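Student: Please read through the structure below; I'll follow up with questions.
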Amino acid sequence: MPEHLVPEELLAEYATGAASPGVSLLVAAQLTHSPEGRRVVQEYEQLGGVVLRGEPVAQMREDALENALAAIDAAPDAISDSKPRLKAGPLPAPVMERLGIPFEDIRWRFRLPGVAAHDFDGFGDEKVSLLRVKPGTSVPQHTHHGVEMTLVLSGCLEDGGVEYRAGDVAINDEDDDHRPRALDGEICYCLIVQRGDLHFTGTFSRFLNILGE
């Protein structure tokens, strides 16, 4: 089971629908690894149901039930029309659904030696991407102008003496100056949700700030 979980306040936002699109994707992916997280989300959902039961009853049209049943009857058959399951590789179902393509068809773009990424579109101000890091590869030392959430999907990421394995989440902000590294053994795949830009701080990597301008 994961040791580094999504903070409970983000689980509450996810359960109530208040989480941002990027955070919602990351939480949904992390919950596939975390029975404890699923339990917490279920409790918040049940609490929301209790609150709703205390709200005034909305008046429905007389034909509301008839229209709902007709819409269900007209919907495509879920079994006969279902698409074949995409080959997921190390990626959980929520990420695969967002990708919409098999794992082997992902178009990876070079970021740094040993590091490649696939960027998602449609997340507004959030930068959401998959990261592929070869074993033994370090991401250059950097800090953040904002918050970065990293969900490890496979492999192992070491950062500041802490190991993050599949299902673990690391959260870093402007107070963190760090250098994550994929440990030897297997490729490390991560889902990254980033608000704000990176700022490289290492002696030999500061020129990357110029390249990113």
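The values are calculated or read from the model by the stated rules, or taken from the named source; none is laboratory data. Please read these numbers as outputs of a predicted model, since none were measured by experiment. So basically every Cβ, Gly included, is an ideal-geometry build from the backbone, and we count neighbours across all protein chains shown. Only protein heavy atoms, including side chains, enter the accessible area calculation; ligands, DNA and RNA are left aside. Shrake-Rupley method; radii C 1.70, N 1.55, O 1.52, S 1.80 Å.
Student: Which residues, taken from region 3-26, are out of contact with any strand residue (DSSP E or B) (no Cβ under 9 Å at 6 or more places or on another chain) and either crowded, with 21+ Cβ neighbours inside 10 Å or in contact (Cβ under 8 Å) with a residue 24 or more places away in the chain (or both)? First the steps, then the outcome.
Tutor: Initial filter on region 3-26 (out of contact with any strand residue (DSSP E or B) (no Cβ under 9 Å at 6 or more places or on another chain)): 8-9, 11-19, 24.
Selection gives Glu8, Leu11, Ala12, Tyr14, Ala15, Thr16.
Every residue, every condition in (1) aromatic (Phe, Trp, Tyr); (2) surrounded by 15 or more Cβ atoms within 10 Å (Cβ to Cβ); (3) part of a strand (DSSP E or B), yes or no:
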| residue | (1), (2), (3) |
| --- | --- |
| Arg98 | no, yes, no |
| Ile101 | no, no, no |
| Arg132 | no, yes, yes |
| Gly136 | no, no, no |
| Glu148 | no, yes, yes |
| Gln194 | no, yes, yes |
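Student: Then there's this: Looking at (1) open to solvent by 30 Å² or more (accessible area, probe 1.4 Å); (2) touching a residue at least 24 places away in the same chain (Cβ under 8 Å), which one does Val128 not meet, given that it meets all the others?
Tutor: (1)
Results for (1) touching a strand residue (DSSP E or B) at 6+ places or on another chain (Cβ under 6 Å); (2) of a type outside the set (S, T, N, Q); (3) over 26 Å from His142 (Cα atoms); (4) modelled with pLDDT of 95 or more, shown as yes or no for each residue.
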position: Ala64; (1), (2), (3), (4): no, yes, yes, no
position: Ile72; (1), (2), (3), (4): no, yes, yes, no
position: Ala78; (1), (2), (3), (4): no, yes, yes, no
position: Ala88; (1), (2), (3), (4): no, yes, yes, no
position: Pro94; (1), (2), (3), (4): no, yes, yes, yes
position: Ile106; (1), (2), (3), (4): yes, yes, yes, yes
position: His118; (1), (2), (3), (4): yes, yes, no, yes
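Student: Suppose the filter is closer than 19 Å to Pro92 by Cβ, touching a Ser or Thr at 6+ places or on another chain (Cβ under 8 Å) and not in a loop (DSSP other than H, G, I, E, B); does Leu153 pass it? Give the steps one after another, and end with the answer.
Tutor: On the way: closer than 19 Å to Pro92 by Cβ: yes; touching a Ser or Thr at 6+ places or on another chain (Cβ under 8 Å): no; not in a loop (DSSP other than H, G, I, E, B): yes.
So Leu153 does not fit the description; no.
Student: Among what's in region 170-181 and is without any contact (Cβ under 8 Å) to a residue 40 or more places away in the chain and part of a strand (DSSP E or B), pick the residue that is farthest from the chain's Cα centre (by Cα).
Tutor: His178
Student: Do you know which residues across region 156-169 are over 13 Å from the mean Cα position of the chain (by Cα) and in contact (Cβ under 8 Å) with a residue 40 or more places away in the chain? Break it down into steps so the answer makes sense when it comes.
Tutor: Taking region 156-169 as the starting set, the residues that turn out to be over 13 Å from the mean Cα position of the chain (by Cα) are 156-165.
Listed by number, the residues that qualify are Val162, Tyr164, Arg165.
Student: Kindly establish whether Leu47 is of a type in the set (A, V, I, L, M, F, W, C) and modelled with pLDDT of 90 or more.
Tutor: Working: of a type in the set (A, V, I, L, M, F, W, C): yes; modelled with pLDDT of 90 or more: no.
So Leu47 does not fit the description; no.
Student: Please state which one of Pro113, Pro94, Pro90, Pro102 is touching a residue at least 60 places away in the same chain (Cβ under 8 Å) and over 17 Å from Pro21 (Cβ atoms).
Tutor: Values: Pro113 fails: touching a residue at least 60 places away in the same chain (Cβ under 8 Å); Pro94 fails: over 17 Å from Pro21 (Cβ atoms); Pro102 fails: touching a residue at least 60 places away in the same chain (Cβ under 8 Å).
The match here is Pro90.
Student: Further, regarding this structure: If Arg165 satisfies all but one of (1) open to solvent by 40 Å² or more (accessible area, probe 1.4 Å); (2) out of contact with any His (no Cβ under 7 Å at 6 or more places or on another chain); (3) over 19 Å from Pro92 (Cα atoms), what's the number of the condition it fails?
Tutor: Every condition holds for Arg165 apart from (3).
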